[in-house]
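For reference, the structure discussed in these notes is given below.
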Amino acid sequence: MSGKPIVVPGEILTSGYYRVGENTIKLDNSIIATKVGIPQTKGNTIRVIALKSFYIPKIHDLIIGVVSEVYYNMWRVNIFSPYVAVLPAVDVFGRRFDPTKDNTLKKMDAGTVLKARITFFDRTQDPVITIRGEGLGVIEKGFITYVNPSKIAKLIGKKGNMLQKIEQLTNTKITVGQNGVILIETQSISAKDKVIKTIKLIEREAHLSNLGDRVTKILKEDEENELEKTTN
Amino acid sequence: MSLKKQLINEQGIRTDGRGIDDLRPIKITLGYLAHANGSVLYEQGKNKILAAVFGPSEVHPKHAELPDRAILRVRYRMAPFSTEERKSPAPTRREIELSMVIRNALESVVLTELFPRTAIDIFIEVLQADAGTRVAGVTAAALALADAGIPMKGITAGCAVGKVDGKIVCDLNDIEDKEGEADMPIVYIPTLGKISLLQMDGLMTQEEFKQALSKAINSAMKVYQLQVNALKTKYIKVER
């Protein structure tokens, strides 16, 4: 199976007049890769698409997190990143929040799964999230899986076509958190299994060519197997 | 009267059949552990070293975090069954010192300033030891860091050189390490052309030192090529 060239940390990408992009740094007059990945040039910017990474919060990102600690005025939320997010009680109770009357523990305990957005982050302080907004809030039902955040772009595809294809062929609703956490909404266990199998294939083979065809094949293969089972 | 063992014969062949510049066979298995963010099983001759990386993650205890960069925490340990005689599982002075030495060698390549207030944990477990475990440990740790997607300026590659029977030899094995006249572990960053670790035990003349340094860098370059191949082939050969 053919693939694109892979670079490793320290490998010189170019020594020309290029702008430093994602996962690259300038050392002396050369631009070098800082992660294992695939180099890409867009205009005069050179970057490396990492093959394995972790989530660094960005303002406005949609994420799925799990409440890890409850305080009297906030919740700490695990967003599968080096930084733990903060959800202020004011965001949930509103401006009239009164710590003497409102009980954060009764509202949301540790383990609650949330769909939220990053409202503030600058590395000197923990990221702040909000659950106020369309489609945000506590997740009541569905299945959760995880994909390495570096594969999110491939999972969504150009203009969301990969995600749409998976949703249509499995009859599910999928929400992709930028932090790599994925919510699969379906009643069917077999559909959930099929989605997870496809996501794992994308995670494993995202950097190789003809990904779309292989995803369609795996989704249709399972359909055929199911048909065979029912006819037998 | 004690008889000194002959470690290199007249044809320049060492006790394990290698020439004086040959390295022991190296095998790299990336992604060896399922739960670590990055891991590797690094085998160099009889050395078997497992390295695992976790993080970057929140620092506990909080007072240990740094406001401007991530902290590296290295734990180098030898398993009780790694040596000929059982080793006590309690951390020894040597292991604590080597953890620090390895941390210093890796700090020069990891871009810790990108993740302030976090910690990167590196575990190096020597499952079987046959000399040169500190350099093999750094080599393995660099691979595990790259496998975990931690940004780095380069990959560190290590190799020990030494003086045995008056000759400068590469990649010492256990007997050469114990009976030889000098031992010099070195960790090199090929892409930067810099040395991040250099220690020496024993005696060498200035000329011998220069020769040893040049041989060590050549050997480290060979190790580096194997590291690069391993990192690239992991993604080219997709397991099905």
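Here B:Lys46 does not qualify as open to solvent by less than 40 Å² (accessible area, probe 1.4 Å), out of contact with any Leu (no Cβ under 9 Å at 6 or more places or on another chain) and of a type in the set (Lys, Arg). From the list A:Asp91, A:Asp102, A:Asp122, A:Asp126, the one residue that fits, being on the phi < 0 side of the Ramachandran plot, surrounded by 12 or more Cβ atoms within 10 Å (Cβ to Cβ) and within 14 Å of another protein chain (Cβ to nearest Cβ), is A:Asp126.
When restricted to residues that are within 14 Å of chain A (Cβ to nearest Cβ) and touching a helix residue (DSSP H, G or I) at 6+ places or on another chain (Cβ under 8 Å), the range B:193-240 contains 8.
If you go through the range A:63-86 and pick out every residue that is open to solvent by 40 Å² or more (accessible area, probe 1.4 Å) and either in contact with a Lys or Arg (Cβ under 6 Å, 6 or more places away or on another chain) or among the aromatic types (Phe, Trp, Tyr) (or both), you end up with 5.
Looking across the range B:134-165 at every residue that is open to solvent by 10 Å² or more (accessible area, probe 1.4 Å) and more than 30 Å from A:Val48 (Cα to Cα), the one that is farthest from the other protein chains (Cβ to nearest Cβ) is identified as B:Asp165. Could you tell me whether the range B:20-34 includes any residue that is open to solvent by 60 Å² or more (accessible area, probe 1.4 Å), touching a residue at least 40 places away in the same chain (Cβ under 8 Å), outside any loop (DSSP other than H, G, I, E, B) and under 25 Å from B:Ala141 (Cα atoms)? No: zero hits.
Answer with yes or no whether B:Lys178 is within 26 Å of B:Lys5 (Cα to Cα) and basic (Lys, Arg).
Criteria met by B:Lys178.
For the range B:72-88, the tally of residues that are open to solvent by less than 50 Å² (accessible area, probe 1.4 Å) and among the polar types (S, T, N, Q) stands at 1. Checked against (1) open to solvent by 20 Å² or more (accessible area, probe 1.4 Å); (2) touching a Lys or Arg at 6+ places or on another chain (Cβ under 7 Å); (3) in contact (Cβ under 8 Å) with a residue 24 or more places away in the chain; (4) over 27 Å from A:Ser53 (Cα atoms), A:Gly133 meets all criteria but (3). Within the range B:216-236, the set of residues being among the β-branched types (Val, Ile, Thr), open to solvent by 20 Å² or more (accessible area, probe 1.4 Å) and over 16 Å from A:Lys4 (Cα atoms) comprises just one member, B:Ile217.
Is it true that B:Val53 is more than 19 Å from B:Leu226 (Cα to Cα), part of a helix (DSSP H, G or I) and either open to solvent by 10 Å² or more (accessible area, probe 1.4 Å) or not small (Gly, Ala, Ser) (or both)? So B:Val53 does not fit the description; no. For the range A:48-70, state whether one or more residues are in contact (Cβ under 8 Å) with a residue 24 or more places away in the chain, within 14 Å of chain B (Cβ to nearest Cβ), charged (D, E, K, R) and part of a strand (DSSP E or B). Yes, the range A:48-70 has at least one match.
Taking the criterion of being out of contact with any strand residue (DSSP E or B) (no Cβ under 7 Å at 6 or more places or on another chain) and of a type in the set (A, V, I, L, M), the residues of the range A:46-97 that qualify are A:Ile56, A:Val70, A:Val90, A:Val92. The set of residues in the range B:169-184 being open to solvent by 10 Å² or more (accessible area, probe 1.4 Å) and not in a loop (DSSP other than H, G, I, E, B) consists of B:Asp174, B:Ile175, B:Asp177, B:Lys178, B:Glu179, B:Asp183. Just one of the numbered conditions (1) out of contact with any strand residue (DSSP E or B) (no Cβ under 6 Å at 6 or more places or on another chain); (2) within 18 Å of A:Ile79 (Cα to Cα) is not true of A:Phe143: (1).
A count restricted to the range A:34-47 and to residues that are open to solvent by less than 40 Å² (accessible area, probe 1.4 Å) and either within 12 Å of another protein chain (Cβ to nearest Cβ) or part of a loop (DSSP other than H, G, I, E, B) (or both) stands at 5. Restricting B:Asp68, B:Asp130 to residues that are more than 12 Å from every other protein chain (Cβ to nearest Cβ) and outside any strand (DSSP E or B) narrows the list to B:Asp130.
The values are calculated or read from the model by the stated rules, or taken from the named source; none is laboratory data. Note that the structure is predicted; figures quoted are calculated from it, not measured. We place every Cβ from the backbone using ideal geometry, glycine too, and count neighbours over all the protein chains shown. The accessibility values were calculated without ligands, DNA or RNA, using every heavy atom of the protein model including side chains. Shrake-Rupley method; radii C 1.70, N 1.55, O 1.52, S 1.80 Å.
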